[in-house]
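See below for the structure under consideration.
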Amino acid sequence: MPFTYEDVGATRDGRCPPGFHPLQVRSRIGEGHEVFKSAAQAVLTWELHRAVGVTITTDAPHAAAGVDVTVGLGPLKAPCRVVWTLDEPRRAGWAYGTLPGHPESGEEAFVVDRTGDGTVWLTVTAFSRPAKWYARAGGPATRGLQHAYARRCGTVLRRMCAGDDEF
């Protein structure tokens, strides 16, 4: 299946193509190499997304370019494909792009990085626009839900890395 937008991979460079709504939410996760390793593992293996409360349907044990994944929230199913990944000593993450049937059109990236002072951050970067009538009807409320989801990813990842079982 083809992607539902043209500028595939734009989140790698932090670009938002014309006609799309940008999103960037950066959350402090903790400090140190062990926190980074735990956070990277949770992001790369879908564990974070499942802990946030969405279903992840895929045959792949971890994110890799070309892997198809369907994200579900209740009856809503959102087919996507991983467009890029990174697994470096101080940065790890991936992005997926939307496929036909997704309520939105665009891309979303989840990147964990450890800065020079040892602080670990999760950055969720996305660009999107409605693809289905109900996403268009939601207007600003839909974008508000996207921001809330990105903030929740940071909160849940911080708790996961702190060993808190209550997300």
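Among the residues of segment 9-35, the ones that are under 21 Å from residue 84 (Cβ atoms), open to solvent by 60 Å² or more (accessible area, probe 1.4 Å) and in a helix (DSSP H, G or I) come to 2 in all. Pairing each residue of segment 135-154 that is hydrophobic (A, V, I, L, M, F, W, C) with any residue that is modelled with pLDDT under 90, provided the two are 6+ apart or on different chains, yields C-beta distances under 8 Å for 135/142; 145/138.
Of the residues examined, residue 79 is not one that is open to solvent by 10 Å² or more (accessible area, probe 1.4 Å), out of contact with any helix residue (DSSP H, G or I) (no Cβ under 9 Å at 6 or more places or on another chain) and outside any strand (DSSP E or B). For segment 99-118, a residue qualifies if it is in contact with a strand residue (DSSP E or B) (Cβ under 6 Å, 6 or more places away or on another chain) and either outside any strand (DSSP E or B) or open to solvent by less than 10 Å² (accessible area, probe 1.4 Å) (or both), and the qualifying residues are 99, 101, 102, 105, 106, 107, 109, 110, 112, 118. On the given criteria, is residue 93 open to solvent by less than 20 Å² (accessible area, probe 1.4 Å), within 18 Å of residue 10 (Cα to Cα) and in contact (Cβ under 8 Å) with a residue 12 or more places away in the chain? Considered against the rule, which asks whether it is open to solvent by less than 20 Å² (accessible area, probe 1.4 Å), within 18 Å of residue 10 (Cα to Cα) and in contact (Cβ under 8 Å) with a residue 12 or more places away in the chain, residue 93 comes out as yes. Across segment 63-81, not a single residue is classified as hydroxyl-bearing (Ser, Thr, Tyr) and closer than 18 Å to residue 25 by Cα.
Only one of the numbered conditions (1) modelled with pLDDT under 95; (2) among the hydrophobic types (A, V, I, L, M, F, W, C); (3) within 12 Å of residue 4 (Cα to Cα) is violated by residue 133, and that is (3). Looking across segment 119-147, just one residue is among the β-branched types (Val, Ile, Thr) and assigned to a helix (DSSP H, G or I), and that is 142. Does residue 88 count as more than 13 Å from the chain's Cα centre (by Cα), open to solvent by 80 Å² or more (accessible area, probe 1.4 Å), among the acidic types (Asp, Glu) and modelled with pLDDT of 95 or more? Here the answer is yes, as residue 88 does meet what is asked. Being touching a strand residue (DSSP E or B) at 6+ places or on another chain (Cβ under 7 Å) and either surrounded by fewer than 18 Cβ atoms within 10 Å (Cβ to Cβ) or closer than 21 Å to residue 41 by Cα (or both) holds for only one residue in 156, 71, and it is 71.
The values are calculated or read from the model by the stated rules, or taken from the named source; none is laboratory data. Note that the coordinates shown come from a computational prediction; the quantities given were computed from them, not determined experimentally. For neighbour counting, all protein chains shown are included, and Cβ atoms are generated from backbone atoms with ideal geometry for every residue, glycine included. Surface accessibility is based on the protein's heavy atoms, side chains included, excluding ligands, DNA and RNA. Shrake-Rupley method; radii C 1.70, N 1.55, O 1.52, S 1.80 Å.
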